[in-house]
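Here is the structure we will look at.
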Amino acid sequence: ATEAEEKDLVIIGGGVAGYVAAIKAGQEGMKVTCIEKRGTLGGTCLNVGCIPSKALLNNSHLYHQILHDTKARGIDVGDVKLNLAQMMKSKDTAVSGLTKGVEFLFKKNGVEYVKGTASFAGEHEIKVNLTEGGEKTIIGKNILIATGSEATPFPGLEIDEKRIITSTGAIALDKVPESMVVIGGGIIGLEMGSVWSRLGSKVTVVEFLGQIGGPGMDAEISKAAQKILKKQGIDFKLNTKVLGGDATGDKIKLEVEAAKGGKKETLDADVVLVAIGRRPYTAGLGLENVGLETDEKGRLVIDHEFRTKLPHIRVVGDCTFGPMLAHKAEEEAVAVVEWIKKGYGHVNYGAIPSVMYTHPEVAWVGQNEQEVKASGVEYKIGTFPFSANSRAKTNLDTEGFVKMIADAKTDRILGIHIIGPNAGEMIAEGTLALEYGASTEDIGRTSHAHPTLAEAFKEAAMATYGKAIHF
Ligand code: FAD
Ligand code: NAD
């Protein structure tokens, strides 16, 4: 065997967490290697997550809008047809452009990219089973685990990614199923449910809890989202649990019952999407070889410097604590390299935005009303509906509202929640406000261009400490 190479930093996983850390380390002049087994860089997000899902959300929205929302705009269209194969191709083009872009950035920043599966052979020794065959050992002064997450399976329902699918199957179906049952009304369920509903599937979402949107969504916003999505044709069964399924016949039969017990019912579906959350992925890493353990949720345990109990081995992204979001992974990736190189680094977990890319979009940052109430802080709320916003009116896109929650005594913003057009872009302003410790009056006294959707944001702020002008 050839002698093992030594690197300043060896990164396991080329997802957002791993690739961003690799680029940052390259920029800092470190000798860095990133090991990825998938064959392409970008991880879940670029290959089977954020990017392909947003491509399909965007194009399915256009299709749906052309079918149902042109007449009032003075556009008469003829025969509208779905070309699903081309829609998938367009998604694949976005994905491959971006994953190749990351490879280019590796070269530009002097990052070594090793294709293969990594595991711990010793505390500083990483063994790689190379994709092209053979193996090699790399020694890391520092090692970063960024192995991400995988879909949580539903016991008793075997995933084949054709009829019983996770999000990975849901971005690649080759025909529009007549009916789809989605288990789990979180972000994946509602985004992918929206895609297939717009393309013609009869979609039913079964959710265990009494509200949709997954953890973090404000209850009032969640209710509004459910009402709008219902109007778009998605059916909801809340407070309902799935008992099991049978996929032997033509249709999949799912047995469900009220979460608190009681009436049972069977739902028929051509496709079942399992979207009940994701879990950290550390299988095959050989953690036992170095004595590292995971907690009850499968997460690698770290301190505020992202260190495991072996201080040269650190962890960022979906396989450790915090929300499973690409931009959270990205912040951690920069911070962890700063810790290694400079001895300091910081992520403000209180100001990480969340966006659900349905139409309208839902976006939030900071605490929701339930959380503020539970904290015991005295608070006030300002809201502004898009139906009173001039730009939303010109765009015939007026559903939703902005909701701002602030400390009643200091006026400091505690949380911002938006359901409405472009909410995902608008929340950047809210995140910045939170980072700067802004008050609602700071925003209310800042000029916002007219006519823009962002004026609804300003007016919700005004409504928190005084009155909105246009409502
Ligand atoms: P991952 O992206 O999972 O990357 C880990 C990588 O490590 C993988 O490529 C894996 O192959 C590799 N790996 C694992 N083990 C080994 C090993 N032993 N050796 C070598 N390589 C290994 N987040 C958002 O912020 N916005 C969105 O719009 C959004 N949409 C999403 C849509 C879907 C359908 C899904 C599933 C997720 C979405 N997410 C979104 C979440 C986002 O994808 C994750 O938070 C993000 O990918 C986490 O990055 P990561 O690098 O920690 O993990
Ligand atoms: P999630 O945690 O957002 O939602 C899962 C939902 O399933 C919850 O509402 C939960 O109550 C429900 N559930 C759990 N077990 C159930 C059961 N047995 N029966 C019925 N319902 C059940 O998880 P997800 O939607 O699978 O998404 C996984 C991760 O991916 C999330 O962390 C999410 O942040 C991330 N993601 C983000 C985006 C985005 O940022 N736009 C998009 C997709 C995915």
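Quick note: the coordinates plus some simple rules give every number you see, no bench work behind them. All values derive from a computational prediction rather than experimental measurement. Glycine gets a Cβ as well: all are built from the backbone with ideal geometry, and neighbour counts include every protein chain shown.
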So if I place +1 on the C-beta of Lys and Arg and -1 on the C-beta of Asp and Glu, and nothing else carries charge, what would the dipole magnitude of the chain be about its Cα centre? I want it in debye, nearest 20. 760 debye
By average Cβ neighbour count within 10 Å, what is the ranking of 159-165, 5-11, 327-333 from highest down? 327-333, 5-11, 159-165
Inter-probe distance in nm under a simple model that places probes 7 Å from Cα toward Cβ, at T446 and I159: 4.0 nm
Hey, which of these cross-link pairs are over 22 Å Cα-Cα: K230/K260; K24/K108; K202/K253; K237/K403; K202/K231? K230/K260; K237/K403
Phi to ³J(HN,Hα) by Karplus 6.51 cos²θ - 1.76 cosθ + 1.60 over region 121-133, Hz, x for Gly, Pro: 9, x, 5, 10, 10, 10, 9, 10, 7, 6, 4, 7, x
Name the aspartates and glutamates eligible as straight-distance cross-link partners of K37: C-alpha to C-alpha under 13 Å, and not fewer than 8 places from it in the same chain. E132, E135
Round to a whole angstrom and tell me the spacing of the C-alpha centers of region 282-338 and region 66-95. 42 Å
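Loop only by DSSP, 13 or fewer other Cβ within 10 Å of the Cβ. Give me the trypsin sites (Lys or Arg not before Pro) in region 396-471 that pass, ordered by residue number.
K409, R445, K467
Relative contact order for region 234-351 using alpha-carbon pairs under 8 Å, separation at least 6, rounded to a whole percent? Can you show the working numbers first?
Details: 141 pairs, mean separation 14.6, N = 118.
It rounds to 12 percent for region 234-351.
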If one compares the long axis through the Cα atoms of helix 187-198 with the longest principal axis of the Cα atoms of the chain, the angle in degrees, nearest 10, works out at 60 degrees
Cα→Cβ-extended label distance, 7 Å offset, between D79 and L238, nm: 4.4 nm
Around K380 (Cβ within 9 Å, Cβ-to-Cβ, excluding K380; K/R +1, D/E -1) the net charge comes to -3
For E369, net neighbour charge (Lys/Arg +1, Asp/Glu -1) across residues whose Cβ lies under 14 Å away: -1
For region 345-371 versus region 193-267, the gap between their alpha-carbon centres in whole angstrom: 23 Å
Mind listing the long-range amide H neighbours of K202? Cut-off is under 5 Å, sequence gap 5 or more, other chains count too, H placed in the peptide plane at 1.01 Å from N. S179, M180
Remind me, relative contact order of the chain in percent, using alpha carbon pairs under 8 angstrom and six or more residues apart? 14 percent
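Would you mind getting me the FRET efficiency between E103 and K141? Use the beta-carbon distance for r and R0 = 25 Å, nearest 0.05.
Details: r = 25 Å, r/R0 = 0.98.
With a Förster radius of 25 Å, E is 0.50.
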In the chain, taking the dipole from +1 charges on Lys and Arg beta carbons and -1 charges on Asp and Glu beta carbons about the Cα centre, the listed residue (S197, F306, L144) farthest towards the positive end is S197
Farthest toward positive dipole pole in the chain [+1 Lys/Arg, -1 Asp/Glu at C-beta], among F120, A468, G262: A468
